[in-house]
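Down below is the structure, laid out as structure tokens.
The values are calculated or read from the model by the stated rules, or taken from the named source; none is laboratory data. Keep in mind it's a predicted model, so treat the numbers as computed, not measured. Every residue, glycine among them, receives a Cβ derived from its backbone with ideal geometry; neighbour counts consider all protein chains shown.
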Amino acid sequence: MTLLFVVFVFLASVFLGMPLVWAILLTAVLPIIVFDLGFPLQALYLNFIGGVEPNHFIAIPLFIIAGELMSRGGVGMRIITFARAAFGFMPGGLGMVVVGASMIFGGISGSAIADSAAIGSVMIKNMAKQGYDKGFSAGLVASAGTIGIIIPPSIPMLIYGFVGNVSVADLFLAGMVPGIIFGLFFMGVCYYVGKTSGCDAGGERVSRRELWNSFIGTAPALFMPVLILGGIFSGWVTPTEAAALAVVYGLAVTIFVYRDFNIKDLPKLLVDAFVTSAVVMVVIGATTVLGWLITLEQMPQILVAFVQEFSSSPWMFLLLVNIVLLVLGLVLDPVPAILLTAPLFLPTAQAFGVDPVHLGVIMTCNVAVGLFTPPVGATLYVASRISGVGVLSIARKMALLYIAAIAALLLVTYVPAVSMTMVGVFN
Amino acid sequence: MDFRPIYPVGLVWLSKLIDFALMAGGASIVILVFTNASLRGFAGFDLAWSLEVTAFLLLWVTFLGCAAAVARGAHMRVTEIVETLLPQTAQLWLTRIIDVAIIVLLISLIYTGYSISSHTWAQKTTVLYWPVGLLYASMPVGMALSLIFHLYNVGVEIFAPHLIKDNLSPHHNDGADLEDLS
């Protein structure tokens with residue numbers, strides 16, 4: 001009864017438009033009053049503060065600042081130039097440039113929106129000139145941009161790791177191959193479209209010298225993920241310290257090497273990053289309160305029993321995770337979707353013997369797909385704004401991209417080795 | 001919707017003061033974490049007090065940032081369903097009900113947060129001997145500031161909606177954007 005009430009209050013308050021932080025707190029407080037559960041408000045709100053307190057959460061605003069710094073100015077353009085030299089000669093080459101550049105940019109910014117905006121603002125126009133359908137070009141930018149949250153560093157993975165007490169280093173390792181798989185599948189679609197539509201049948205290979213020069217132009221930016229991931233994987237720094245290093249490195253590169261960033265803009269960048277992070281952090285705090293109630297009322301056990309009524313196989317549970325997150329992804333952004341479902345899915349996954357790192361990758365890939373599905377798809381909105389094509393018109397041109405994304409998602413979900421091999425190799 | 005352009009002078013200054021605290025607190029966090037990592041990596045020791053200071057700063061910038069997000073109308077919410085399915089009048093009533101629920105919730109957070117902070121004031125942190133209640137005070141203070149901004153925002157929506165129409169565009173928001181995270 002309590003579980004049903006919690007689900008009802010939560011869904012009603014969220015979908016009726018209450019800001020998420022207050023909706024979650026209301027969902028935690030109301031059952032205590034209605035069912036007289038006997039928990040004092042002090043204990044509840046102490047969890048709210050305690051949920052925000054852990055020091056490692058500092059990594060969230062710091063990664064936002066680092067990503068913002070590297071998303072500015074000419075970094076995106078330099079990456080596109082390099083991707084063009086590397087992929088531009090193949091059939092569907094221009095589309096592949098979008099995917100390749102998004103994968104590289106994802107390793108630097110960790111943000112799908114920044115990815116789509118930086119790549120889309122240059123590439124949608126160029127693809128249209130080449131003869132690509134504008135809706136497809138925008139759809140490709142929207143879908144390829146989401147690789148940014150699968151390839152490390154990834155802010156949703158960081159949040160999942162902190163909330164679920166799962167190793168961030170392992171999650172980042174596990175995200176690499178799935179990110180590349182999503183990229184390869186999208187490239188396959190570009191190859192097919194380029195070849196069958198005849199608009200981009202391929203061209204001349206660039207010289208090695210040209211390829212090298214374009215690489216040198218991107219090298220300072222490319223060193224950022226090397227610094228972050230190398231530092232974390234070698235054990236030299238914690239994820240939080242890696243984020244601080246990334247901020248200082250990002251400042252040095254954008255001010256002294258690329259000269260894209262004016263130091264006068266730093267105060268505003270800091271304020272914006274910390275307001276954005278506060279919005280997420282208070283939701284994390286509120287989720288901690290709800291998670292506390294969920295645990296006390298043994299809701300994960302109820303969910304396990306419910307799923308086991310149909311099957312005791314972990315695949316059934318993973319199918320449920322896929323379906324729930326794909327549906328939630330239609331209306332929620334990645335971070336709230338992960339924050340809301342992780343406290344329920346994590347203990348259930350452990351009961352089914354699913355590795356929490358694997359679950360984290362599955363959830364991230366799922367919410368990444370949600371980013372380019374209407375009606376609420378953040379990268380879809382960005383691509384729509386840049387291209388001037390309506391969201392639904394873009395979605396109609398994305399059938400092949402959706403098929404590729406679902407195929408990649410199924411591969412990541414049902415073949416654990418795709419995510420876990422890298423973790424095994426490095427550990 | 002960013003409400004700051006229609007705030008009276010007092011609230012504008014309050015909002016700027018919070019922004020300044022966020023900027024100073026944020027810069028201090030970056031410097032502290034970077035310095036600590038560098039010292040540990042290159043000099044073989046770290047600053048024992050830095051963890052306590054960063055935990056203190058993180059709590060305060062988070063709850064102050066929560067108030068700044070209320071002023072900017074930047075808290076995460078799903079608006080598409082109501083905007084698509086409900087008529088204008090029903091939407092208006094629903095907004096009022098949600099506003100009242102938020103006010104009640106904020107008052108309960110301030111009252112209980114004050115009680116938590118005062119009860120833990122005598123406890124001291126391990127390294128710096130700062131009152132633990134000072135850390136916990138961040139929540140009621142942040143919620144009180146959120147309440148001030150929320151009450152003004154609701155007041156304008158009810159009694160002076162023309163101010164919103166004249167001064168604000170729904171897309172005007174140079175504050176926090178959740179897009180940074182996705």
Quiz prompt | Candidates B:Val82, B:Val53, filtered to the one that is part of a helix (DSSP H, G or I) and modelled with pLDDT of 90 or more | solution = B:Val53
Self-check item: Checklist (1) surrounded by 24 or more Cβ atoms within 10 Å (Cβ to Cβ); (2) part of a helix (DSSP H, G or I) applied to A:Ala117, failing item
Solution: (1)
Quiz item: Take the residues of segment A:158-208 that are among the polar types (S, T, N, Q) and touching a residue at least 40 places away in the same chain (Cβ under 8 Å): which is surrounded by the fewest Cβ atoms within 10 Å (Cβ to Cβ)?
Solution: A:Ser197
Quiz item: Exactly one of (1) assigned to a helix (DSSP H, G or I); (2) more than 7 Å from chain B (Cβ to nearest Cβ) is unmet by A:Leu37. Its number?
Solution: (1)
Quiz item: Among the numbered criteria (1) surrounded by 14 or more Cβ atoms within 10 Å (Cβ to Cβ); (2) over 24 Å from A:Asn55 (Cα atoms), which single criterion is violated by A:Phe310?
Solution: (1)
Quiz item: For segment A:342-396, how many residues are closer than 18 Å to A:Ile155 by Cα and of a type in the set (A, V, I, L, M, F, W, C)?
Solution: 13
Exercise. Mind telling me which of the residues B:Leu64, B:Leu58, B:Leu39 ends up being touching a Leu at 6+ places or on another chain (Cβ under 7 Å) and either within 30 Å of A:Gly17 (Cα to Cα) or outside any helix (DSSP H, G or I) (or both)?
Key: B:Leu64
Exercise. Assess whether A:Val289 counts as being within 14 Å of chain B (Cβ to nearest Cβ), crowded, with 23+ Cβ neighbours inside 10 Å, touching a Phe, Trp or Tyr at 6+ places or on another chain (Cβ under 9 Å) and touching a residue at least 12 places away in the same chain (Cβ under 8 Å).
Key: yes
Quiz item: Is there any pair with a first residue in segment B:61-89 that is within 7 Å of another protein chain (Cβ to nearest Cβ) and a second that is of a type in the set (D, E, K, R) whose Cβ atoms are under 8 Å apart and which are 6 or more apart or on different chains, and what are they?
Solution: B:Ala68/B:Asp19; B:Arg72/B:Asp2; B:Arg72/B:Arg4; B:Ala74/B:Asp2; B:Ala74/B:Asp177; B:Met76/A:Asp333
Practice problem: Go through (1) part of a helix (DSSP H, G or I); (2) surrounded by 17 or more Cβ atoms within 10 Å (Cβ to Cβ) and name the single condition A:Phe5 misses. | Solution: (2)
Exercise. Those residues that are closer than 21 Å to B:Leu57 by Cα and among the aromatic types (Phe, Trp, Tyr), I need them from segment B:7-46; list them, please.
Key: B:Phe20, B:Phe34
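Yes or no, residue by residue, for (1) modelled with pLDDT of 95 or more; (2) surrounded by fewer than 21 Cβ atoms within 10 Å (Cβ to Cβ); (3) part of a helix (DSSP H, G or I):
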residue	(1), (2), (3)
B:Ile110	yes, yes, yes
B:Tyr114	yes, yes, yes
B:Tyr129	no, yes, no
B:Gly142	yes, no, yes
B:Leu147	yes, yes, yes
B:Leu151	yes, yes, yes
B:Gly155	no, yes, yes
B:Asp174	no, yes, no
B:Glu179	no, yes, yes
Quiz item: Restricting the search to segment B:25-45, which residues are of a type in the set (Gly, Ala, Ser), more than 9 Å from chain A (Cβ to nearest Cβ) and over 19 Å from the mean Cα position of the chain (by Cα)?
Solution: B:Ala43, B:Gly44
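Residues checked against (1) over 19 Å from the mean Cα position of the chain (by Cα); (2) at pLDDT 90 or above; (3) not aromatic (Phe, Trp, Tyr):
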residue	(1), (2), (3)
A:Leu173	no, yes, yes
A:Gly179	no, yes, yes
A:Phe185	no, yes, no
A:Glu204	yes, no, yes
A:Gly230	yes, no, yes
A:Val248	yes, yes, yes
A:Val257	yes, no, yes
